[in-house]
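Working notes, beginning with the structure itself.
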Amino acid sequence: MNNRLEEIRKQRGIKQEELAMALEVSRQTIGSLENGRYNPSILLAFKIARFFGMTIEEIFIYEEDEHV
């Protein structure tokens with residue numbers, strides 16, 4: 001799953017540490033999300049979307065595998 005988290009965060013002038021504190025996760029979690037090494041739980045995805053006043057779909061891009 002791809003995401004626009006880093007792009008959106010930087011557009012708003014928010015540091016990884018600030019976002020992590022607001023979401024009650026570690027800065028490493030934010031970094032891993034932004035680098036695509038980690039997909040958020042549904043709860044965390046909702047928290048992120050609510051924090052930015054956006055929908056989950058505006059932040060996280062799910063591309064279905066055609067081979068499934």
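The values are calculated or read from the model by the stated rules, or taken from the named source; none is laboratory data. This one's a predicted model, so the numbers in the text were calculated from it and none came from an experiment. Glycine gets a Cβ as well: all are built from the backbone with ideal geometry, and neighbour counts include every protein chain shown.
For region 38-53, indicate whether the set of residues that are modelled with pLDDT under 95 and in contact with a strand residue (DSSP E or B) (Cβ under 6 Å, 6 or more places away or on another chain) is non-empty. No, region 38-53 contains no residue that is modelled with pLDDT under 95 and in contact with a strand residue (DSSP E or B) (Cβ under 6 Å, 6 or more places away or on another chain).
Take the conditions (1) of a type in the set (G, A, S); (2) in contact (Cβ under 8 Å) with a residue 12 or more places away in the chain; (3) surrounded by 16 or more Cβ atoms within 10 Å (Cβ to Cβ); G31 misses just one of them, which is (3).
Against the test of being over 14 Å from R4 (Cα atoms) and more than 10 Å from the chain's Cα centre (by Cα), the options R37, R27 yield a single qualifying residue, R27. Of all residues in region 7-28, those satisfying the criterion of being surrounded by fewer than 15 Cβ atoms within 10 Å (Cβ to Cβ) and assigned to a helix (DSSP H, G or I) are E7, K10, Q11, E17, E18, M21, A22, R27, Q28. Of the residues making up region 42-63, those that are touching a residue at least 24 places away in the same chain (Cβ under 8 Å) and either more than 13 Å from I8 (Cβ to Cβ) or not in a strand (DSSP E or B) (or both) are K47, I48, F51, F52, M54, E58, I59, Y62, E63.
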